[in-house]
1. Working with all protein chains in place, sort B:Arg152, C:Arg324, A:Arg112, B:Arg332 by solvent-accessible area computed with a 1.4 Å probe, largest first.
2. Once the principal axes of the Cα atoms of the protein assembly as shown are found, what is the range along each, listed largest first in whole angstroms?
3. Across region C:174-180, in residue order, what do the Karplus-derived ³J(HN,Hα) couplings come to in whole Hz, using 6.51 cos²θ - 1.76 cosθ + 1.60 with θ = phi - 60° and x for Gly and Pro?
4. If every alpha-carbon in chain B counts as one equal scatterer, what log10 I(q)/I(0) does Debye give at q = 0.08, 0.13, 0.14, 0.16 1/Å?
5. Work out how far the C-alpha atoms of region C:235-291 reach from end to end along every principal axis, then list the three figures in whole Å, largest first.
6. Over region A:259-300, what is the relative contact order in whole percent, taking alpha-carbon pairs under 8 Å and six or more residues apart?
7. Per DSSP H run of at least 4 residues, take -39500 (n - 2.57); add these up for chain C, divide by its residues and hand me the 222 nm value, nearest 500 deg cm²/dmol.
8. Express in whole angstrom the spacing between the alpha-carbon centres of region A:38-102 and region C:53-69.
Amino acid sequence: MPSGKVALQDILKQLGGEFLGPSKSLEKDILRIMPLAAAGSSDISFFSAAKYASQFASSNAACVIAKRADWVLARDAGYLGACIATEDPYLYFANLTTWWQINALRSPAHVRIHPSAVISASAKISPTATVGPLCVIEDGASLGDRSHLKSRVTLGQDCQIGADCIVHSGVVIGADGFGFAQDKSDGSWVKIAQLGRVTIGNQVEIGANTCIDRGALDDTVIEDGVKLDNLIQIGHNVRIGKHTALAGCVGVAGSANIGAHCTVGGGAVVLGHLEIADNVHISAATVVTKSIKKPGMYTGFFPIDDNDNWEKNAVTLKQLHLLRERIKQLERK
Amino acid sequence: MPSGKVALQDILKQLGGEFLGPSKSLEKDILRIMPLAAAGSSDISFFSAAKYASQFASSNAACVIAKRADWVLARDAGYLGACIATEDPYLYFANLTTWWQINALRSPAHVRIHPSAVISASAKISPTATVGPLCVIEDGASLGDRSHLKSRVTLGQDCQIGADCIVHSGVVIGADGFGFAQDKSDGSWVKIAQLGRVTIGNQVEIGANTCIDRGALDDTVIEDGVKLDNLIQIGHNVRIGKHTALAGCVGVAGSANIGAHCTVGGGAVVLGHLEIADNVHISAATVVTKSIKKPGMYTGFFPIDDNDNWEKNAVTLKQLHLLRERIKQLERK
Amino acid sequence: MPSGKVALQDILKQLGGEFLGPSKSLEKDILRIMPLAAAGSSDISFFSAAKYASQFASSNAACVIAKRADWVLARDAGYLGACIATEDPYLYFANLTTWWQINALRSPAHVRIHPSAVISASAKISPTATVGPLCVIEDGASLGDRSHLKSRVTLGQDCQIGADCIVHSGVVIGADGFGFAQDKSDGSWVKIAQLGRVTIGNQVEIGANTCIDRGALDDTVIEDGVKLDNLIQIGHNVRIGKHTALAGCVGVAGSANIGAHCTVGGGAVVLGHLEIADNVHISAATVVTKSIKKPGMYTGFFPIDDNDNWEKNAVTLKQLHLLRERIKQLERK
């Protein structure tokens, strides 16, 4: 990472926490935020998982963000640096990164509305929002306070984004949902014009090249605090509840209703017209084929194996229900 | 959805159908198209699936598009509104949405060739085609009558799009196919220049951020009436037959040949150099590893389960062929 | 493919190989490179796989690139044309395609830095690099010699691309990685600013609409000669070793470390924080859930079946570990 330069006491002053260790460290300049093992004597690091205890003990970091008790253990095991003690070191680290980006690093040249963006006169852009190069904002769309469209984002007609959202490059919000009626006379597909919108709450982040389709009649709804990774497909009339996070390459089919505080692993597929309760966690690459009413963790993918073994099992799998019959027969004897 | 205002009799005049119910309804202004359950007394709705019969009976819609017999049942069960009777209500609804978008809603400011698009002087653009903001059309490419590239579409060199196509934002047509020869001396990959094109028929719709690669020597071909959802990858030299529809996140590897009137579910993967017959339906997340000669429905994904149960089965699955041996042994005794 | 016009002897002069067959063919004009079966009497083709031996024998191609011994067999079986004999015909063909594109076909109008690109004054662009229409290059980014960004590519702040790279349309390099700390007080996600970069080596090719996220603290690293197909997601802090190739729609989660000379099939998912050794080959649609230390081929997807049979097996699969218990019981008797 690029180097900055911030006195340790400035971090404490801005972000809080209890200072532990040699007080002369307070005036030290911190140049980088680094993982424990790679941190040098001008770096700050953090400790948040027990498996890194030995890395903490031997770290050269000038300061480590940690729970007080963990610092005591690390110090007794040899760690010589200072500590910012806090109840949730990983959360403190998260807040530090953002503060660091703004205060310690060279700010990128900032243009609020890039002149290359194509913005409809009827769009409502908050005076504190940022629109990056080569974005397209269509008629009647709106973008809330402090929200930021990075480069090459399309925000479709009448679609709404709330406050404090980040939309990464290449995102398409408000393309038509995939809706067709089949003409039985020749099997051709007749388009159903997609007349709904996309409405996105506050504090939503949307990853690069992700697509969120507009609703057919009603809207597609992304609630506050939702985090979407890259290359995700959200079908028309989907609703995603507050603070739910979807990893990369997830596909959510039309009219699926995903609850709040859920997580969906990378490459998972959620079929349409089903409901997922709050606090449901779907593993990567899992196909959700029916509604899930109960919080918990759900999984379904074929376990990886060396190819030869996989082939033998795959062949056998295609006769699995026959094997069950044979077991039944044996049991009857 | 946004409101419009259209007299019911105008809908009938334009789209046909038999009017049933109180004739004074004909002069009523219809403001929205809505689902049965949500429709109010100024809305039009449609009935196309038996499971919604009770919703029909209790609907407040001013008018419901339905089969005559279904309207009679609904009326006898309490429905008080009018009906447009037609043999295929869902198809009528589809036609209504498009008519509604053009006639009842505010038209978006329409620019035929947006000045921000970068278009080669040697491209052939129909005088009735529309090119949205920030599109790129390369040398020798062509775009047919009434076809519409939404924003930020790339149409590559010499690629062709027929008439009445819709290409959504972020689509890339004619990037190089993924073709390399391995140099055995060092394991490096030597590029095979991709010299073919992409040719796309009429009435094709292509979803946001979907990619269709140009052929290596021959062309990649998308036939008339094909519908591609968002974030689909079509490899070089693929051919997709008429009126076939692919859902989001599908990947089709090079030289696959998919028939006409097929459907492929979201997240499915079609391997390369294989043939899929007409009228084949592939379930979501299924991996097609060999040619399919017979129409029908084909499926292959691991069923979702609660994580604990999945883990037990996944472990056992890796020894499945050994279980079969043990059954055989037992049978021999 | 579009036609060119090159005398056969010019191909030999430029690309080498041993000429076999009637020497008058040397002056013949070659118009196209074509597959064996489709090649006509003014076309050149190649033979690289035994299964096409009968196509070689009956091919009308003016010249076929082949091993000497294979040409002898084909000639004895009836092939009348000439041959360029070489040890690795497919590699020769690859080199021919690139030479052909430059020398035999109409060159696209070439603009080194397209005026519609938005390029930061602090970006370092090699004087031999090419930047296509509507690209965005942010502060401090760099692009090496002869590298080519096609249209609508975003190269993020401080990210680096080496020499001789090709980056296809719609690619996003350097969007934020997907990093959040959960605030346990309300379950909301607090952003971890992504302070690392993406560094890309030489001879890398990146397919359309693919995304490579910047690192959280350290960099995301793509080594020399890596080939990425379309619509691939590379998470933050991933490292991909030399000459590894990933097919379309692959997702690689954060901090995965993939070795050199690997291949990953389309739609596969590689989970985060794991290591894959050199020379590992992952089949399409396989989920890599743990480190792989040993070279070889690894697979894991549910085999496709007709839907009825799949359903029976899927139901049984959910009780597989119970079946194992029943077998154990039977064995005990």
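The values are calculated or read from the model by the stated rules, or taken from the named source; none is laboratory data. In this text the structure is predicted, and so the values were computed from the model without any measurement. Cβ placement follows ideal geometry from the backbone for every residue including glycine, while neighbour counts extend to all protein chains displayed. Ligands, DNA and RNA are stripped out before the accessible areas are found, and what is left, the full protein with its side chains, is counted by its heavy atoms. Shrake-Rupley method; radii C 1.70, N 1.55, O 1.52, S 1.80 Å.
1. Working: B:Arg152 5, C:Arg324 55, A:Arg112 90, B:Arg332 165 Å².
Highest to lowest solvent-accessible surface, that is B:Arg332, A:Arg112, C:Arg324, B:Arg152.
2. Computed over the protein assembly as shown, the largest-to-smallest principal extents equal 89, 85, 81 Å.
3. x, 5, 5, x, 8, x, 9
4. -0.56, -1.07, -1.13, -1.22
5. Per principal axis, max minus min of the Cα coordinates gives 22, 18, 17 Å.
6. Averaging sequence separation for qualifying contacts and normalising by length gives 40 percent for region A:259-300.
7. -5500 deg cm²/dmol
8. 67
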